[in-house]
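Participant: Following this message is one structure expressed as structure tokens.
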Amino acid sequence: MLQSYLHTLLLDVDRDDFATWRERVLALFLFGATVMGAAVAVPSILLAVSKGLWSVALADLMAVIWVACLAGYRSLSYRARAWNLCLLLYLLGLALLLAIGAPSQIYLLAVPVLAALMIGLRASLLAMAVNALTLPLVGYWTQADFPIAGFDATPLMKWVVITLNFSFVSALISFSCVLLLKGLEKAFAKRRDSEERYRTLIEWTPAPLAVHDGTRFIYANPAAVALFGARQATDLIGKPLFELVHPDSHSAMQAQLTALAQADGVAPSSEQKLLQLDGSVIHAEVTSAGIVLDGAHAIQVAIHDITERKAAQQQVQQLAFSDPLTGLPNRRLFLNRLQQALAAAQRHQRQGALVFVDLDNFKSLNETLGQELGDQLLRHVAAQLGACVRDGDTVARLGGDEFVMLLEDLGGSSQEAATHAEAISEKALQALRQRHQLGTFQHHGSASIGITLFGNPQEISVDPLIQAEMAMYQAKSAGRNMLRFYDPQMQTAANHRAALEAALHEALAKEQFCLHYQGQVDETGRFIGAEALLRWLEPSRGLVPPAEFIALAEETGLILPIGAWVLQSACNELARWSRQPGLAHLTLAVNVSARQFRQADFVDQVLRALERSGAPADRLKLELTESLLVSEVDAVIAKMHALKQSGLNFALDDFGTGYSSLSILKQLPLDQLKIDQSFVRDILDDPNDAAIASMVIALANSMGLSVIAEGVESSAQRDLLATLGCQCYQGYLFARPLPVTAFEALVLPCST
Ligand code: C2E
Ligand code: MG
Ligand code: MG
């Protein structure tokens with residue numbers, strides 16, 4: 001009980017101001033006076049009784065009871081208790097003055113001092129005035145025993161001197177107390193004002209601020225209360241600090257506290273995830289600063305809510321790095337992850353795989369069923385691929401119907417990685433092979449998948465994405481709906497092609513092409529014409545035959561400028577020959593590729609070449625191949641007619657190797673069929689080849705066309721062909737393809 005009484009006296013104080021402190025001092029005083037009064041009163045009362053001083057005993061008893069009542073009766077107002085105490089001391093002093101004399105002055109002296117301390121200047125002055133009257137009156141009147149050297153003969157004077165001295169001392173002490181208290185009161189007020197200002201600032205600032213002692217919250221301003229979703233500060237106060245910090249940010253917060261302990265001031269701010277009371281996450285920039293609160297070290301945290309900024313940042317990232325249709329990572333993000341995966345694979349010596357998925361026939365589905373169903377299918381596929389991979393693997397959409405799966409950490413060996421990659425890819429293939437319900441439509445889909453492994457230290461992969469794509473194309477050309485692993489030979493071929501293409505560009509720019517001429521003879525062996533055959537004079541490799549580069553030139557479109565050059569050069573030679581007596585009778589055959597012929601302005605190109613060179617059109621023969629006749633035949637025929645009208649001739653090259661139908665052949669304004677050298681080569685040994693050659697010759701005769709056999713290397717071949725009815729020949733037996741001067745040198749002696 002005593003403990004709780006003392007606790008309420010000393011600690012249970014909300015306010016910390018001057019008046020409160022004065023109340024506490026009075027309460028303590030009364031408590032002390034009661035305890036000590038009781039301790040002193042008992043022996044002194046007994047002593048007084050034993051000496052017959054009943055009045056003293058009574059006064060002591062009364063005083064102790066009175067002070068105990070004042071101490072216990074706490075609902076009495078402060079001023080009433082203070083005045084009561086002063087009155088009690090005065091009466092005690094008076095009673096003792098009457099009973100025992102001079103020592104009682106000490107009680108009277110206490111009255112103005114206590115009045116100054118507890119009530120104020122006026123009360124102190126009043127007490128001094130009352131004392132100044134009481135002392136001479138009571139002292140003189142009762143002849144109180146108070147000897148003073150030199151004044152004992154004049155008692156009135158003596159009491160005047162006593163009163164003056166007493167008043168002087170009591171005034172000195174009382175005024176000092178008043179002054180001291182005034183100063184204290186001012187200081188308290190000043191502190192209260194500054195605290196008030198600080199509190200208003202903290203309370204009104206929109207920035208959330210809280211104070212904790214390293215483990216628990218001890219203060220939170222209204223902005224912090226709102227931030228944490230609390231109703232009032234007390235909901236937060238007392239909460240463990242780390243209860244409001246997301247586990248992801250525990251280490252960041254701990255680091256900040258450690259930095260603060262070392263820096264002793266302000267710790268650098270850090271981004272942290274905090275938790276609201278209902279468990280929602282907020283992103284915040286947290287700054288901690290050490291402060292002293294009530295004499296103890298505490299930590300003030302300033303919290304800057306960046307949840308919205310984070311959300312905006314995330315949205316920007318989402319837009320920049322994800323495919324809006326499927327929500328999957330887009331090409332940019334995928335390439336980023338691929339780089340990381342390659343680096344990680346090398347670091348940890350763990351292989352991974354890149355799986356390229358391309359839907360089969362997606363384009364036609366999109367065109368026939370509409371883009372909306374196409375989009376629906378892509379979303380469906382995205383979800384299915386996502387279900388095939390493990391957490392941590394990446395499925396991305398590169399664009400269109402192309403998806404990739406980045407599978408990391410598949411194993412330490414290529415074998416292991418390949419097994420896992422194949423299993424996952426097979427799963428994807430199965431999933432995509434299912435029927436997909438697109439609205440009311442059931443789509444039977446399939447996909448082609450290319451796989452490449454990465455992370456093998458023995459094989460530095462150049463670009464896994466290209467490799468996987470190449471493998472996917474292999475799967476497509478092998479019949480679709482299947483998977484293929486990347487084969488390094490594919491890469492070598494591709495590298496070779498890329499280098500060749502670059503070299504062809506250079507050859508064109510540096511004029512490294514030239515034409516060789518191979519003579520054509522009639523049944524008498526006389527040169528009647530030549531075929532212009534393209535050669536590439538590659539500085540490091542020498543003469544490169546067309547078989548090594550024509551196909552690529554066709555694929556890349558380079559055949560167009562090359563073909564135009566061939567045509568112009570051939571026409572220039574033909575024009576020159578036409579002016580030279582021994583050569584003027586020669587025709588010149590020029591090979592024209594299908595792509596070249598299909599150019600919209602091909603007819604113009606030919607006529608311009610003839611015009612520029614001045615070559616006779618009726619000596620120019622264009623060699624076409626059957627591949628030209630697989631599509632848009634009408635346009636081909638129209639162009640042939642247009643050129644035919646200008647006097648040009650046409651031969652159908654490599655005849656018999658293609659699939660031209662007789663009905664089409666009949667419509668073409670052809671002049672000659674060229675028996676392909678593959679039939680001539682074995683004509684002596686293979687009756688089939690002889691039969692084909694014979695049929696071609698018969699066909700030509702029936703259509704009114706001339707016929708020429710190419711690749712004739714022996715006179716036996718020539719003789720057999722002659723018996724079959726062939727009239728013209730081309731082959732090493734008569735002439736090899738030769739530079740123009742050599743060819744002319746070969747022809748001129750024969751014609752004279
Ligand atoms: P092609 O038009 O059928 O040309 C005949 C090919 O047979 C030539 O090969 C020629 O050198 C070769 N040849 C001729 N006689 C014999 C022989 O007795 N034995 C053997 N084994 N071969 C013989 P080349 O010059 O290598 O040309 C190959 C192909 O390249 C040509 O076949 C033609 O399709 C194409 N080509 C050549 N020059 C051009 C051109 O300027 N433009 C286009 N588009 N293609 C060309
Ligand atoms: Mg030819
Ligand atoms: Mg040929």
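Participant: What do you get for Rg/Rh over region 128-281 if you use C-alpha atoms and the Kirkwood form of Rh?
Facilitator: Details: Rg = 32.1 Å, Rh = 21.5 Å.
With Rh from the inverse mean 1/r over Cα pairs, Rg/Rh is 1.49.
Participant: Hey, another quick one. Hey, what angle do you get for helix 464-477 against the long axis of the chain, alpha-carbon based, 0 to 90 degrees rounded to 10?
Facilitator: Once rounded, the angle reads 50 degrees.
Participant: Rounded to whole Hz and in sequence order, give me ³J(HN,Hα) for region 517-529 from the Karplus expression 6.51 cos²θ - 1.76 cosθ + 1.60, θ = phi - 60°, writing x for Gly and Pro.
Facilitator: 10, 10, x, 10, 10, 8, 5, 8, x, 7, 5, 10, x
Participant: Then there's this: With unit charges on the beta carbons (Lys and Arg positive, Asp and Glu negative) and the dipole taken about the Cα centre of the chain, which residue among LEU643, ILE697, SER249 sits farthest to the positive side?
Facilitator: SER249
Participant: Okay, moving on. Heavy atoms of the protein only, probe of 1.4 Å, neighbouring chains included. What is the accessible area of HIS505 in Å², nearest 10?
Facilitator: 100
Participant: Counting other Cβ atoms within 10 Å, keep those with at most 15, restrict to DSSP loop, and tell me which trypsin sites (Lys or Arg not before Pro) in region 39-119 are left. Please report the intermediate quantities before stating the final value.
Facilitator: Details: sites: LYS51, ARG74, ARG79, ARG81; in loops: LYS51, ARG74.
Within region 39-119, the qualifying trypsin sites (Lys or Arg not before Pro) (loop, at most 15 other Cβ atoms within 10 Å) are LYS51, ARG74.
Participant: May I ask you to list the lysines whose Cα is less than 21 Å away from that of LYS674, ignoring any residue fewer than eight positions away on the same chain?
Facilitator: Output for LYS674: LYS621, LYS639, LYS644, LYS666.
Participant: Using only alpha carbon pairs under 8 Å that are at least six residues apart, calculate the relative contact order of the chain and give it in whole percent. Don't skip to the end; give the middle numbers.
Facilitator: Values: 1136 pairs, mean separation 43.1, N = 752.
Relative contact order comes out at 6 percent.
Participant: Measuring from centroid to centroid over Cα atoms, what is the spacing of region 416-451 and region 357-401 in Å?
Facilitator: For region 416-451 versus region 357-401, the Cα centre distance is 10 Å.
Participant: With charges set only on the Cβ (+1 for Lys and Arg, -1 for Asp and Glu), what does the dipole of the chain come to about its Cα centre, in debye to the nearest 20? Don't skip to the end; give the middle numbers.
Facilitator: Working: 57 positive and 74 negative charges, 817 e Å.
In total the dipole reaches around 3920 debye.
Participant: Rounded to the nearest 10 Å², what accessible area does PHE362 show when all protein chains are kept and the probe is 1.4 Å?
Facilitator: PHE362 exposes around 20 Å² with every protein chain in place.
Participant: Taking only Cα atoms, what is the 0 to 90° angle, nearest 10, from helix 740-751's long axis to the longest principal axis of the chain?
Facilitator: That helix lies at roughly 10 degrees to the long axis.
Participant: Right, another one. Under a straight-distance cross-link criterion of Cα-Cα below 19 Å, which lysines are reachable from LYS239, leaving out those fewer than 8 residues away in the same chain?
Facilitator: LYS273
Participant: Now, a different point. Before rounding to the nearest 500, sum -39500 (n - 2.57) across all DSSP H runs of length at least 4 in the chain and divide by the residue total; then give [θ] at 222 nm in deg cm²/dmol.
Facilitator: Numbers: 27 runs with 414 residues, N = 752.
Helix contribution divided over all residues of the chain: -18000 deg cm²/dmol.
Participant: Dipole of region 205-311, Cα-centred, from +1 at each Lys and Arg C-beta and -1 at each Asp and Glu C-beta, to the nearest 20 debye? Spell out each step's value before the answer.
Facilitator: Details: 6 positive and 11 negative charges, 19 e Å.
Its charge dipole is roughly 80 debye.
Participant: Please report the antiparallel percentage of DSSP beta bridges with both residues in the chain, rounded to the nearest 5. Mind showing how you got there, number by number?
Facilitator: On the way: 68 of 93 bridges.
Given both bridge residues lie in the chain, the antiparallel proportion sits at roughly 75 percent.
Participant: Tilt of helix 414-433 relative to the longest C-alpha principal axis of the chain, in degrees (0 to 90, nearest 10)?
Facilitator: It works out to around 80 degrees.
Participant: Under a cut-off of 26 Å between alpha-carbon atoms, report the lysines in cross-link reach of LYS182, not counting same-chain residues fewer than 8 places apart.
Facilitator: Cα-Cα hits under 26 Å: LYS190.
Participant: Taking N as the number of residues in the chain, what value does Rg over Cα atoms divided by 2.2 N^0.38 Å take?
Facilitator: Details: Rg = 58.0 Å, N = 752, 2.2 N^0.38 = 27.3 Å.
Computed over Cα atoms of the chain, the ratio equals 2.13.
Participant: Have a look at LEU738, ILE218, LEU26 and report the one farthest towards the positive end of the charge dipole of the chain, computed about the Cα centre with Cβ charges (Lys/Arg +1, Asp/Glu -1).
Facilitator: Selected residue: LEU26.
Participant: Then there's this: What figure in square angstrom, to the nearest 10, would you give for the accessible area of THR419 with a 1.4 Å probe?
Facilitator: 80
Participant: Let me check something: with ligands and nucleic acids excluded, how do TRP141, TRP536 order by accessible area (1.4 Å probe), largest to smallest? Could the numbers behind the result be given before it?
Facilitator: Numbers: TRP141 200, TRP536 0 Å².
Largest to smallest exposure gives the sequence TRP141, TRP536.
The values are calculated or read from the model by the stated rules, or taken from the named source; none is laboratory data. This is a predicted model, so every value here is computed, not measured. Cβ: placed from backbone, ideal geometry, glycine included. Neighbour counts: every protein chain shown. Just so you know, the surface numbers come from the protein's heavy atoms only, side chains and all, with ligands and any DNA or RNA stripped out. Shrake-Rupley method; radii C 1.70, N 1.55, O 1.52, S 1.80 Å.
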